[in-house]
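The values are calculated or read from the model by the stated rules, or taken from the named source; none is laboratory data. Please read these numbers as outputs of a predicted model, since none were measured by experiment. Neighbour counts are summed over all protein chains in view; Cβ atoms, including those assigned to glycine, are modelled from backbone coordinates with ideal geometry.
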Amino acid sequence: MITSELKILLIDNSPEDRELLRRQLMQDSEYSYHFFEEETGRRGLEACETIRPDCILLDYGLPDINGLQFLAELQDGAHTMPFPVVMLTRGDEAVAIQAMKRGAQDYLVKGKMTPESLHRAVHNAIERVDMLRTMDEQQRDLEKKNQELQAFAYALAHDLRAPLRAIRGFGQILAEGQMERLDEEGQHCVQNILKASIQMDHLIDDLLSYTKIEHRAVRHEPISLDVLVMQIVRSLLARLSDREVEVTVPGNLPVINGDPTLISQIFINLLDNALTYRRPDVKLEVVISCEIEPGAFVIRVRDNGIGIASRHYEKIFNIFQRLHGEEMYPGTGIGLAIVKKSAELMDGEVWVESVEGEGSTFSVRIPQ
Ligand code: ADP
């Protein structure tokens, strides 16, 4: 919002140039200006703190730090440029481009400015920064709300555990000791209570894993994929009784840089799915690989299972999104959301390619 009196900070060591800027800005203006003037970059930075100007007109060629250094120090870690800045150059395009990249809103060439171009530059700069600030605030608001929601989900899942344990425990007592006293319908009910409580237990476990990964610092350390993948494959295969599964792991998986917990979560969930969504009449084949690209590595888990229609490629990564009923394939709809979040926490991405009825390949690219 542009108020009627604007605080303008002129940072320029030439008194004549400052005088010209003042005159041009005041010419035919519907606004009134309050001018503050500094001759060096350092003094200018200090003045920003005390004055909190509505706009800064910054000469590139200052006697101490240059205009680009000034911008870097002014921003210093802030999301958006804290103040609108219009850079004044002597016509050097490269400087102007650099200034814009570093957060200046506009630039003007000294000697070619008109009162109109100066007016336009100053007012556009103020409006743009105002808009960016609003967007920044909304973004931070959204992030905060998201964090609150995650904390709520975590607390809820955690607190549901104790009553669930009681339901499951008493159900088990009934199933183990009291079944003969129940008629057929009673027995059926007890079995359903147990089945539902086991399913809910999985749901709570998955929900806790999902919310937990957000609440820890991401580590970057060398991980020997050979060792990690073999451990995970062994423990998952131990779960399967049949021999109709062939998992191929290349012998020379690389050492990568990443967060061991997140990388494990990616493999566990992708492999778990590969073992779950198999075709009943076909020997299951799973192939794991890892390719090194310039600046990144790509993990792949390929299966010859039931496959996924391309219209579902995006949505399966959303939490609770499942394509099958619990009866057909057990699951909670959280696994791929964990994979996606794990990849994103390491600045990576995940995607799927698949042919329905033939198999799927899940790929995760993590920058190094
Ligand atoms: P869950 O497996 O618990 O349902 P996920 O988030 O891991 O949850 O997966 C979401 C959905 O994506 C699954 O319900 C399934 O329909 C589909 N899906 C995931 N992995 C595969 C796969 N390897 N082959 C076929 N479908 C898959």
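Set side by side, the residues ALA196, ALA175 differ, and just one is more than 38 Å from the chain's Cα centre (by Cα) and without any contact (Cβ under 8 Å) to a residue 24 or more places away in the chain, which is ALA175. Residue count for region 345-367 under the criterion of being within 18 Å of the chain's Cα centre (by Cα) and exposed (fewer than 14 other Cβ atoms within 10 Å of the Cβ): the result is 2.
For region 332-354, the count of residues that are among the aromatic types (Phe, Trp, Tyr) and farther than 27 Å from HIS215 by Cα is zero. On inspection, ILE97 passes the criterion of being in a helix (DSSP H, G or I), over 14 Å from LEU57 (Cα atoms) and either in contact with a helix residue (DSSP H, G or I) (Cβ under 6 Å, 6 or more places away or on another chain) or not aromatic (Phe, Trp, Tyr) (or both). Would you be able to say whether some residue in region 107-117 is under 37 Å from the mean Cα position of the chain (by Cα) and either surrounded by fewer than 14 Cβ atoms within 10 Å (Cβ to Cβ) or of a type outside the set (Asp, Glu) (or both)? For region 107-117, residues under 37 Å from the mean Cα position of the chain (by Cα) and either surrounded by fewer than 14 Cβ atoms within 10 Å (Cβ to Cβ) or of a type outside the set (Asp, Glu) (or both): present.
Being near the ligand (Cβ under 6 Å from one of its atoms) and in contact (Cβ under 8 Å) with a residue 24 or more places away in the chain is the requirement here; does TYR313 meet it? Considered against the rule, which asks whether it is near the ligand (Cβ under 6 Å from one of its atoms) and in contact (Cβ under 8 Å) with a residue 24 or more places away in the chain, TYR313 comes out as no.
Somewhere in region 87-98, is a residue over 26 Å from THR50 (Cβ atoms), modelled with pLDDT of 90 or more, touching a Phe, Trp or Tyr at 6+ places or on another chain (Cβ under 7 Å) and small (Gly, Ala, Ser)? Checked region 87-98: at least one residue is over 26 Å from THR50 (Cβ atoms), modelled with pLDDT of 90 or more, touching a Phe, Trp or Tyr at 6+ places or on another chain (Cβ under 7 Å) and small (Gly, Ala, Ser).
Among residues of region 217-268 being under 25 Å from the mean Cα position of the chain (by Cα) and assigned to a loop (DSSP other than H, G, I, E, B), the one that is farthest from LYS283 (Cα to Cα) is ALA217. Only a single criterion out of (1) in contact with a Pro (Cβ under 9 Å, 6 or more places away or on another chain); (2) more than 13 Å from the ligand (Cβ to nearest atom) is not satisfied by ILE299, namely (1).
Looking at the structure I just gave you, is ILE306 hydrophobic (A, V, I, L, M, F, W, C) and assigned to a loop (DSSP other than H, G, I, E, B)? Here the answer is yes, as ILE306 does meet what is asked. Going through (1) within 15 Å of SER342 (Cβ to Cβ); (2) within 16 Å of the ligand (Cβ to nearest atom); (3) modelled with pLDDT of 90 or more; (4) of a type outside the set (Phe, Trp, Tyr) one by one, VAL233 falls short only on (1). Residue-level check: of (1) surrounded by fewer than 16 Cβ atoms within 10 Å (Cβ to Cβ); (2) assigned to a strand (DSSP E or B); (3) at pLDDT below 95, VAL298 misses just (3).
From the list GLU344, GLU285, GLU327, the one residue that fits, being of a type outside the set (A, V, I, L, M), more than 9 Å from the ligand (Cβ to nearest atom) and assigned to a helix (DSSP H, G or I), is GLU344. Being surrounded by 12 or more Cβ atoms within 10 Å (Cβ to Cβ), near the ligand (Cβ under 8 Å from one of its atoms) and over 26 Å from ILE198 (Cβ atoms) is a property that ILE334 lacks. Of the residues making up region 119-169, those that are in contact (Cβ under 8 Å) with a residue 24 or more places away in the chain and in contact with a strand residue (DSSP E or B) (Cβ under 9 Å, 6 or more places away or on another chain) number 7.
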